[in-house]
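First comes the structure, then the notes that go with it.
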Amino acid sequence: MNHTHILIIRFSAIGDIAMTVPVVNALALQYPDVKVTVLSRPFAKAFFSGLAPNVFFMGADLKDEYKGISGLNELFKRVYSKNITHVADFHDVLRSKYLSFRFLINGKKVAHINKHRHQRRRLCRIKDKVLSPLPSSFDNYADVLARLGFRINISLDNQFLSPLYNPLEEENKKVFALGNLEGALGIGIAPGASYKGKIYPQEKMVELIALLQQRFAGCRVYIFGEKDNPYSGTVNVRDICNGFSEEMQLMTSLKVMVSMDSANMHIASLVGLPVVSVWGQTHPLAGFMGWGQSTDNAVQLDLPCRPCSIYGNKECRYGDYRCITQITPQAIADKVERIVRG
């Protein structure tokens, strides 16, 4: 009997965790006799529901239950008891490095992600940028597994990730009733992001929503990721959905999502929803395009200063974040219309 058990560690961020799903799915399907356990934050459990039967999830609250070194030691004991044989560190931060080291000194095989920091610096430097595509996050995750001895095929042609949720299932009826989706064109918009360099100005988002409502009479616009919804004539998803699982169920009924370079682009990708992605300081060349998403649907400006950041967390050297503030609502609406009409 094969007793191989791979532990995959990725604690944050939301989008990066979501990007592990196609790779985990490919690993589980192509190595059906191998047990795969994903160790992550508790909220991420929804992302791994419905995958192959050899995929398991372990949630770890690092801010409370497993806080500090003593907490990590307790977490290690908990995970070690699962008879782990291989550790794939998809995160490579202090916490994951510490856990990986504990497994290593106990004779387990360990591999860490290569973040290609040198290539990232060349892509984002002010002068003499090297505008060449970096390996995608999916490729980087697959590379970790390959160094552990598990080569996988993650090409879209051979390993397409089917939608994780079926909108006709009984438990989804509440979501669709609350969303009032029957017979209407549904458009999702995720206006938020972690950093200013990736956020479309609110006043222009208001223009975009009005433009979409004008072009698609009777459409319903759903706002994702916002605690308070400042956009009139729209539905705040947090008012009708409880957690990521229900949000993903709602996404299966939408026609298109408009998202910044943020988590909702990746979550929408997991259910096969086309995304019009809006890019500011960051760039698809850095390898963070959503799974199965087309760069033809990306909205971005060709400026000599772009990209200046991998994560969108740098101060704008000009002070106006022109890379994203100068994108017109019409440019985004045109991309949405091409998908809807196409």
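Residues to consider are Gly149, Gly183; find the one that is more than 24 Å from Ala263 (Cβ to Cβ), at pLDDT 95 or above, loosely packed, with under 15 Cβ neighbours inside 10 Å and of a type outside the set (A, V, I, L, M, F, W, C). Please lay out each step first, then the result.
Values: Gly183 fails: at pLDDT 95 or above.
Being more than 24 Å from Ala263 (Cβ to Cβ), at pLDDT 95 or above, loosely packed, with under 15 Cβ neighbours inside 10 Å and of a type outside the set (A, V, I, L, M, F, W, C) holds for just one of Gly149, Gly183, which is Gly149.
Would you check if there is a residue in region 299-310 being assigned to a helix (DSSP H, G or I), within 24 Å of Ile113 (Cβ to Cβ) and of a type in the set (Ser, Thr, Tyr)? Write out each step before concluding.
The first filter runs over region 299-310 and keeps only residues assigned to a helix (DSSP H, G or I), leaving none.
Checked against the condition, which is being assigned to a helix (DSSP H, G or I), within 24 Å of Ile113 (Cβ to Cβ) and of a type in the set (Ser, Thr, Tyr), region 299-310 yields no hits at all.
Does any residue in region 243-270 that is assigned by TED's automatic domain parsing to the domain that holds Ala13 come within less than 9 Å, Cβ to Cβ, of a residue that is surrounded by fewer than 24 Cβ atoms within 10 Å (Cβ to Cβ) six or more places away or on a different chain, and which pairs are these?
Listed by first residue and then by second, the contacts come to nothing, as the list is empty.
Quick test of your reading of the structure: Met257 fulfils all but one of (1) in a loop (DSSP other than H, G, I, E, B); (2) under 30 Å from Cys124 (Cα atoms). Name the failing condition by number.
(1)
Any residue at all in region 47-67 that is within 29 Å of Phe224 (Cα to Cα), among the hydroxyl-bearing types (Ser, Thr, Tyr), in the same structural domain as Tyr141 (by TED's automatic domain parsing) and within 25 Å of the chain's Cα centre (by Cα)?
yes
Anything in region 43-76 that is basic (Lys, Arg) and either in a loop (DSSP other than H, G, I, E, B) or surrounded by 17 or more Cβ atoms within 10 Å (Cβ to Cβ) (or both)? List them, or say none.
To start, the set of residues in region 43-76 that are basic (Lys, Arg) comprises 45, 63, 67.
Once the filter is applied, which keeps residues that are basic (Lys, Arg) and either in a loop (DSSP other than H, G, I, E, B) or surrounded by 17 or more Cβ atoms within 10 Å (Cβ to Cβ) (or both), region 43-76 yields Lys63, Lys67.
Could you tell me whether any residue of region 104-125 is β-branched (Val, Ile, Thr) and free of Cβ contacts under 8 Å to residues at least 12 places away in the same chain?
At the first step, the residues of region 104-125 found to be β-branched (Val, Ile, Thr) are 105, 110, 113.
In the following step, the residues that additionally are free of Cβ contacts under 8 Å to residues at least 12 places away in the same chain were identified as 105.
Yes, because at least one residue in region 104-125 is β-branched (Val, Ile, Thr) and free of Cβ contacts under 8 Å to residues at least 12 places away in the same chain.
So, of the residues in region 29-50 that are more than 22 Å from Cys241 (Cα to Cα) and out of contact with any Lys or Arg (no Cβ under 9 Å at 6 or more places or on another chain), which turns out to be modelled with the lowest pLDDT?
The selected residue is Leu29.
The values are calculated or read from the model by the stated rules, or taken from the named source; none is laboratory data. Everything numeric here is computed off the predicted structure, so don't read it as measured data. Cβ coordinates were reconstructed from backbone atoms using ideal geometry, including for glycine residues, and neighbour counts include every protein chain displayed.
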